[in-house]
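The values are calculated or read from the model by the stated rules, or taken from the named source; none is laboratory data. The model shown is predicted, which means the values in this text are computed figures rather than measured ones. Using ideal geometry, Cβ is built from the backbone for each residue, glycine included, and neighbour counts are taken over all protein chains shown. Each accessible area value is taken on the protein alone, full model and side chains, heavy atoms only, with ligands, DNA and RNA left out. Shrake-Rupley method; radii C 1.70, N 1.55, O 1.52, S 1.80 Å.
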Amino acid sequence: MVSLRAGFLVVFTVMAQSPNANPAKIEFVKIAAGEFMMGCVEGDKDCLEDEVPRHKVQLTKGFELGKYEVTQAQWEAVMGPNSNPSETKGPKNPVDSVNKAEIYAFLDKLNAQKDGYKYRLPTEAEWEYAARAGAPDPPRDSLGDYAWFAGNSDDESHPVGLKKPNAWGLYDILGNVREWVEDRAAYYDYAPLPEVSVDPKGPQRGAGGGGGGRGGGGRGDGGARPPKGFDAKGRLLINGGGSEGLPVLRGGGWDNFAPYLRLSSRYYYYGTDLKLGDIGFRVARETR
């Protein structure tokens, strides 16, 4: 059961203060702080090792998350005409084939507005908290009501917002394109998990596999053995991620089969320079 301590949610549009103040006009859903159970739902036989153990997470600060995945029209409004790299073209389709460096350039332009907000990618915990919205995964036989995936997409993305939203008003959380998040990959228990993980983040760049906000102590055995998910040199072993881990994607895409479109599913096959037609992103922001 998902446990929440959350206030009301507000959907609103970023309004321009001047003609060029916010050309993207991104709509956001306000997400209140709260607690939830992150990871594989009990009884889900499709879960993989990187989705367990299920653990309690507390997010101490509210944030705002894009109501939709960033569209190609929004991308061009910020990055300029003819900047659209997407494979499946359409102004209302999610932008795809963008790597992390390009997304950071997009976010830098939004932040240059100095409108009182910090624009960023969501953390993995923030993404799953907002995606779950206090409710279970959509029933497998109703997945087509909520998501574009291999069973109904005709092998391409579709305009955002055509399917049903989740309980908090977020569209295309599952399917359409997979979404970059800020974290780098690690097993949830690569460091001992506390009773409650507070504002968790994955391994930080250059940290060599440190705690990254998960809480807990060290190895607990005097250093005789590396913790789960690490080799003797402290390098992450999750899918060959090296000392810093691979970047994480969430949500599943238009080419993924139904068993992979689960709120606990994680993707981290490639590096930060990855560009694929089923990968895009969703913007988070917080008050500065």
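For region 72-87, the count of residues that are within 22 Å of Gly169 (Cβ to Cβ), open to solvent by 10 Å² or more (accessible area, probe 1.4 Å), among the charged types (D, E, K, R) and more than 16 Å from the chain's Cα centre (by Cα) is zero.
When region 75-97 is filtered for residues that are part of a helix (DSSP H, G or I) and in contact with a helix residue (DSSP H, G or I) (Cβ under 9 Å, 6 or more places away or on another chain), the ones remaining, listed by number, are Trp75, Val78, Met79. Residues in region 170-181 that are among the hydroxyl-bearing types (Ser, Thr, Tyr) and in a strand (DSSP E or B): none. Selection of region 40-53 for residues being open to solvent by less than 80 Å² (accessible area, probe 1.4 Å) and touching a residue at least 40 places away in the same chain (Cβ under 8 Å) yields Cys40, Val41, Asp44, Asp46, Cys47, Asp50, Glu51, Val52, Pro53.
The set of residues from region 98-124 being among the basic types (Lys, Arg), part of a helix (DSSP H, G or I) and under 20 Å from Val248 (Cβ atoms) comprises just one member, Lys100. The single condition from (1) crowded, with 16+ Cβ neighbours inside 10 Å; (2) in contact with a strand residue (DSSP E or B) (Cβ under 6 Å, 6 or more places away or on another chain); (3) at pLDDT below 95 that Ile279 fails is (3). Thr123 passes every criterion in (1) within 19 Å of the chain's Cα centre (by Cα); (2) within 15 Å of Val177 (Cα to Cα) apart from (2).
Pairing each residue of region 264-276 that is open to solvent by 30 Å² or more (accessible area, probe 1.4 Å) with any residue that is not in a loop (DSSP other than H, G, I, E, B), provided the two are 6+ apart or on different chains, yields C-beta distances under 6 Å for Thr272/Lys100; Thr272/Pro247.
Checking each residue in region 156-199 for being under 13 Å from the mean Cα position of the chain (by Cα), open to solvent by less than 30 Å² (accessible area, probe 1.4 Å) and at pLDDT 90 or above picks out Leu170, Asp172, Ile173, Leu174, Gly175, Val177, Arg178, Glu179, Trp180, Val181, Asp183.
Considering the conditions (1) touching a residue at least 40 places away in the same chain (Cβ under 8 Å); (2) part of a loop (DSSP other than H, G, I, E, B), Trp127 is excluded by exactly one of them, (2). Looking for something crowded, with 17+ Cβ neighbours inside 10 Å, modelled with pLDDT of 95 or more, within 19 Å of the chain's Cα centre (by Cα) and under 25 Å from Phe257 (Cβ atoms) - is there at least one such residue anywhere in region 133-140? Yes; the residues of region 133-140 include at least one that is crowded, with 17+ Cβ neighbours inside 10 Å, modelled with pLDDT of 95 or more, within 19 Å of the chain's Cα centre (by Cα) and under 25 Å from Phe257 (Cβ atoms). Condition first: among the basic types (Lys, Arg), open to solvent by 50 Å² or more (accessible area, probe 1.4 Å) and at pLDDT 65 or above. Can you find one or more residues in region 202-220 that meet it? Scanning region 202-220, I find no residue that is among the basic types (Lys, Arg), open to solvent by 50 Å² or more (accessible area, probe 1.4 Å) and at pLDDT 65 or above, so the answer is no. Can you spot a residue in region 69-81 that is touching an Asp or Glu at 6+ places or on another chain (Cβ under 8 Å), in contact (Cβ under 8 Å) with a residue 24 or more places away in the chain and closer than 22 Å to Pro203 by Cα? Scanning region 69-81 turns up no residue that is touching an Asp or Glu at 6+ places or on another chain (Cβ under 8 Å), in contact (Cβ under 8 Å) with a residue 24 or more places away in the chain and closer than 22 Å to Pro203 by Cα.
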